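The next block holds one structure in the form of structure tokens; read it before the comments.
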Amino acid sequence: MKLEACIAAVMGRRWAVIAASLLAVVLLAAGGARLAQVDVDVRNHFGEDDPHIVALDRLEDTYALSDAALVVAAPQDGAVFTRGALTAVEALTERLWQTPYVTRVDSIANYSHSEGFEDELVVEPLIDEAASLTDKDLERIESIALGTEEVAGRFVSRDGRVAGLVVSVALPDGREARQAAKVEVTDFLRDTLVQSRQAHAAIDYHATGELVLNRAMREAIDDDTGVLAPIVLAVMLLVAIVLLRSVWGTVAIVLMLAAVLASAVGFAGWAGMKLYGESGAAFFVLMAVSVAHSVHIIEGMLAGMREGLDRRQAAARSVQANMRAVFLTSLTTAIGFLSLNFADMPPFRVMGNMVAFGAMLAFAYAVTLLPAFLSLAPMRARPLRPGRRDVFDLFARFVVTRRTALLWGFGALIVVLIAGISRIELRENWLELLDESYEFRRSTDFISENFSGVETYEYSLGAGREGGITDVGYLERVDAFAAWFRAQPEVAHVFAVSDIMKRLNRNLHSDDPAFYRLPETSDLAAQYLLLYEFSLPVGRDLNNLIDVERSSTRMTVVLKSLSTAEKLALDDRARAWLRDNAPGMETGATGVAVVGAQSIQRNIEGMLTGTVVAMGIVSLLLLLVFRSIRLGAISLIPNFVPAAMAMGLWGYAVGEVGVAASVVTAIAFGIIVDDTIHFMTKYVAARKDGLLPSEAVQSAFRSVGRALLATTVVFALGFLVFGASGLVTNQALGMLVGMTVVIALLADFLFLPPLLMALDRTRETSAQIRERLRRQGE
């Protein structure tokens, strides 16, 4: 009676309910003004207390490292060591020194090459006035560059086909100032590359790095917002129009979408959240949830109107019939998405909290604002044609008669698809966050394939005391560690301070190749290094390799394209080598590559916990709702299995997946549980009314079959369109969730009903079911 009284109160004060709902929307939406611009900084996608982010920040502070971009010049004839190509590299080096906030530019053109003349050390740029170089000069430069470990693989590819330039900038403090500076820097780099292409048409230019990525991410998000969001909205509304065949019903859905999305955005602002590129998925989910709730209420109202009820009565009856299921689906969706708080990455936590709040708001609006509006709108219901049978009644007869074949056939399909999970390889590369439609990704792929790897491990190797970096024992351990890394098949390039020391030792022994080794004593090493540093030009010091106290040095390891497991395994082997061969220097790698690899691992571990917790809570909830351990246990199968099936199908079709894999189960579970609840609720109600299991299945199909199909189409198309995003994480998320939703509907339609009939306490024989269906047909 309390429920009926509440519904009566809503329908009795429809204008007041609409006004109060819209006032709530306005008050909540006002929080949107507190939201800052979408954060695209790659590092902010990891928690501030992430130990690997903390280690990376510490390393950058120690060695005065700053934001940097890698620019590559690739002569079309495949030869860097020509007058034309070196002239272009020299000009580009000078031009990059004009980059806003620039602190350093490193290239083959200004590489500080050292030579020894008796006891004198001469340090000068490897290239000077490239246009006037003779053929002999070119041969000498090529020989030095490709024969020097500090240059080959760092400033020029080992085959001499591509040259690399690194521009470092020191951006100002403050979020807004920093963002503006990034735009200024990337604009300059783009203009520079355009000018370079015009001046040297025979050379291709590419750029990559965190700075360039952040700008490209911003553009990808703008594309998603400006292109994909309208497409998804149009697709959802088109599906609603086709299935509901009601213009005013579609208007009501638009009203629900506006109310839920505006309220969710405002909630994020009031809660002090920060939006990320991945946050866009929250809007797609909320759009789908809003449409799903609306379809169930509108479909129920239209059914009542076909039976002769007026709009007000039909709306009230629809709310009464669907309120329980809509509430449960909102609650279970919220629980599923709240489990994203177990994720290690802030973007997924924000997404989870926004969807959880928005899902509960969608329920509130669906039982207040929506029926009040529908009862006032000039809704009309098309009557069914006389003698025409409902398509879902026919489908229900098919499921009932083929229940055994469907049960075993779908069960076999479950086993086959889940087996595909073993084929999945986790791969997360921060420079591959965009797809090939963006120039940044194409340039990054080119650089990775033709120059060197684009991901690095950074090591800060301590000497154990201040001034200890010139101790011969320390240098020998560093050199041995570098040599070990160079022997690993996963490594493209290694650079350590020991390389400089060996070069200086050779220089000061008349460049005799036999002396390309470490100095014999620590005193000699200290003298050589001091002499070299005094000889370096301004802006070319070794502060990026040696800390201020001269107690540690930095070693950089450039990686080939590796999977997440391969990255973690390599770091583990490196730790083991240090532990066994250089105990005092034992440390782990840092760098964005390590952060990404470790983060996806922690995300998977955290989301495994979160998903288990969410599933446990929902399981208890369903047990309480259905008041049956058997029915509660049965309902869990179509909720848990589809995500595993989708992952297995992905394993067969694609094979690789990144961080999306760690959250797709929680996201999909929060969505697909809705269909199961609606179907089970109708089935249980029919059984309580005295219907046999097969009759209850038919009744459930007639009641919610059309609505479940409509909501699934909305969800699936929405996420599959989201799969067209330029952000690779969103692509995988959209495709995986879209596949999961479709598989979940198939499970609810083809597997759940036969399972219910097979495990129901009231058994029906095949002969009894056939006879009953025959009588229905008559």
Helix 51-62 sits at what angle to the longest principal axis of the chain, using alpha carbons and giving 0 to 90 degrees rounded to 10? 30 degrees
For the chain, accessible area per residue (1.4 Å probe, heavy atoms of protein chains only), Å²: 41 Å²
Given R₀ = 56 Å, FRET efficiency for Arg540-Ala633 by Cβ-Cβ distance, to 0.05? 0.20
For His200, distant residues with modelled amide H under 5 Å away: none
I'd like the carbon and sulfur percentage of the solvent accessible area for segment 514-592, probe radius 1.4 Å, heavy atoms only, ligands and nucleic acids excluded. 53 percent
Sparsely packed trypsin sites (Lys or Arg not before Pro) within segment 547-656, loop by DSSP, other Cβ within 10 Å at most 11: Arg627
Counting only residues 5 or more places away or on other chains, whose amide H sits under 5 Å from the amide H of Arg104 once H atoms are built in the peptide plane? Ser168
Over the chain, what is the relative contact order in percent, taking alpha-carbon pairs closer than 8 angstrom and at least six residues apart? 19 percent
Where does segment 585-635 land on Rg/Rh, using Cα atoms and the Kirkwood Rh? 1.40
For a quick check of your reading of the filter: which GluC sites (Glu not before Pro) in segment 115-190 sit in a DSSP loop and have no more than 14 other Cβ atoms within 10 Å? Glu118, Glu129
In the structure displayed, which of Lys2/Lys688; Lys182/Lys567; Lys502/Lys560; Lys136/Lys567; Lys136/Lys502 lie more than 32 Å apart, Cα to Cα? Lys136/Lys567
Suppose the Debye formula is applied to equal point scatterers at every Cα of segment 43-118; what is log10 I(q)/I(0) at q = 0.14, 0.15, 0.24, 0.26 Å⁻¹? -0.71, -0.76, -1.11, -1.20
Two pseudo-spin positions, 7 Å from Cα along C-beta at Asp523 and at Arg442, lie apart in nanometres by 6.1 nm
With point charges of +1 on the Cβ of Lys and Arg and -1 on the Cβ of Asp and Glu, referenced to the Cα centre of segment 55-106, which listed residue (Gln76, Leu59, Val105) lies farthest in the positive direction of the dipole? Gln76
What is the Cα convex hull volume of segment 291-400 when expressed per residue in Å³? 134 Å³
For segment 358-374, what does the Karplus curve 6.51 cos²θ - 1.76 cosθ + 1.60, with θ = phi - 60°, yield as ³J(HN,Hα) per residue in whole Hz, taken in order and with x for Gly and Pro? x, 5, 5, 5, 4, 5, 4, 5, 5, 10, 10, 4, 5, x, 4, 5, 4
Can you pull the one-decimal nm distance between simple spin-label points at Arg190 and Val548, each 7 Å off the Cα toward Cβ? 3.8 nm
Assuming R0 = 51 Å, can you tell me the calculated FRET efficiency for the pair Glu476 and Gln98, based on Cβ-Cβ distance, to the nearest 0.05? 0.75
So what's segment 1-136 giving for Cα Rg divided by 2.2 N^0.38 Å, two decimals? 2.23
Of the accessible area of segment 300-384, computed with a 1.4 Å probe and all protein chains kept, carbon and sulfur make up a percent value of 58 percent
Pull out the extension gain between Arg34 and Ala483, defined as 0.36 nm times the separation in residues minus the alpha carbon to alpha carbon distance; nm, one decimal. 156.4 nm
Mind listing the phi-derived Karplus ³J(HN,Hα) values for segment 240-250, rounded to whole Hz, using 6.51, -1.76 and 1.60 with θ = phi - 60°, and x for any glycine or proline? 4, 5, 5, 7, 8, 6, 9, 5, 5, x, 5
Expressed to one decimal in nm², the mean projection of the alpha carbon convex hull of the chain is 38.1 nm²
Quote the convex hull volume per residue of segment 630-765, based on C-alpha atoms, as a whole number of Å³. 95 Å³
In debye, nearest 20, what is the charge dipole magnitude of the chain about its Cα centre with +1 on Lys and Arg Cβ and -1 on Asp and Glu Cβ, if you could check? 6980 debye
Multiply the residue gap between Ala412 and Val227 by 0.36 nm, knock off their C-alpha separation, and tell me the result in nm, one decimal place. 62.6 nm
Quick check: Cα centre of segment 309-347 to Cα centre of segment 140-163, how many Å? 62 Å
State the dimensionless ratio Rg/Rh of segment 414-512 (Rg: radius of gyration of Cα atoms; Rh: Kirkwood radius). 1.18
How do Arg402, Arg380 rank by accessible surface area computed with a 1.4 Å probe, from largest to smallest? Arg380, Arg402
Work out, in µm²/s and without decimals, the Stokes-Einstein translational diffusion coefficient of segment 539-597 at 20 °C, 1.002 mPa s, Rh from Kirkwood over C-alpha pairs. 162 µm²/s
Testing the spin-label approximation: label points 7 Å from Cα along Cα→Cβ at Leu376 and Thr587. State their distance in nm. 6.7 nm
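The values are calculated or read from the model by the stated rules, or taken from the named source; none is laboratory data. Everything numeric in this text was worked out from a predicted model, so none of it was measured. No Cβ is skipped: glycine too gets one built from the backbone with ideal geometry, and neighbour counts run over all protein chains shown. When the accessible area is computed, the model is the full protein with side chains, heavy atoms only, and any ligands, DNA or RNA have been set aside. Shrake-Rupley method; radii C 1.70, N 1.55, O 1.52, S 1.80 Å.
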